[in-house]
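Q: Dropping the structure in here first, questions after.
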Amino acid sequence: MRGTSRKHAWAAAACTATCTAVALLVAPAVALAGTEDLSAQEISDKAERELLDAKSVHLSLEQKGTDTDSDEPVSMDLTLDQDDNCVGSLRMADDGGSMELIKRGEKVWMKPDLAFWKSQLPDGQGEAVADIIGDRYLYGTTGDALLKDMAGVCDLNTIQDEVKDKSDDSTTLRKGEVTEVDGAPAIPVSGRQDGRTTTLYVATEGTPYLIRAVEKGAGTDSTLTLRDYDKPVPSKTPSDEDSVNVSQLQGQVADKPSIY
């Protein structure tokens, strides 16, 4: 967010988180494995179908490396579903702060900390906005550009569409030995593309869900963990007393146009 419009940098941050998750899910080839007794292609078809059919999922993303800046999330913990509901948190790189995020349909609540506002809004504007909001949520709808941008990380349908679009990739894969991921048995399937290696870990017991994806290479390493497939997104939302309408914020900082 180094230009004159902060709105566009928020959009870039949201896109980065979503696109990183998608990249891990689809590379390489969404060729997954759910049990060591099946061929890679058979397992691929089964696991891809489970992912595409998932009504909801809890995903956690961690990124480490040199190709991130304060406009990009380095960690993300979100529960999201196909009905545009979402709850979770994001942490930005380079001490760029963090935020809580809640979305129910078109309604959005975001609660950034002081470090986030200061990193996004220069010349004292961040402190001014943080002072207005205090320990409350900024509330509005996806009709507001700022909230729509940040809520972009909450789109499970987009992730599934990306997986579907990439499912005909022909990257060569290698299946490893069964191991454990968070105490659950899983089989790793790895492939290399464009100088980066992606290893997908898929459950070997029960439903062949993808439960972890690790991407390594020059620049940034990423780890995506998925769990709680098809479990409902928590429905609790902040009260009116704990929220500040985005229109109120715009009105109180109308003399600071760089916020939008």
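Q: Please report how far the C-alpha centroid of segment 127-161 lies from that of segment 194-214, rounded to the nearest whole angstrom.
A: Segment 127-161 and segment 194-214 have Cα centres spaced 30 Å from each other.
Q: Now, a different point. Could you pull out the pairs from Lys164/Lys216; Lys46/Lys103; Lys118/Lys236 whose alpha carbons sit more than 25 Å apart here?
A: Those over the limit are Lys46/Lys103; Lys118/Lys236.
Q: Separate question: With the Cα gyration tensor of segment 76-217 giving a ≥ b ≥ c as the square roots of its eigenvalues, does the rule (a/c under 1.5 for rounded; else a/b larger than b/c for prolate; else oblate) give rounded, prolate or oblate? Provide the component values of the computation, followed by the final result.
A: Working: a/c = 2.40, a/b = 2.04, b/c = 1.18.
Prolate, since a/c reaches 1.5 and a/b exceeds b/c.
Q: Here's a follow-up. Could you tell me the extents of segment 83-132's C-alpha atoms along the three principal axes, largest first, rounded to whole Å?
A: Projected onto the principal axes, the Cα atoms of segment 83-132 cover 39, 23, 12 Å.
Here, each number is a calculation from the coordinates, and none is a lab measurement. Quick caveat, the model's predicted, so the values are computed rather than measured.
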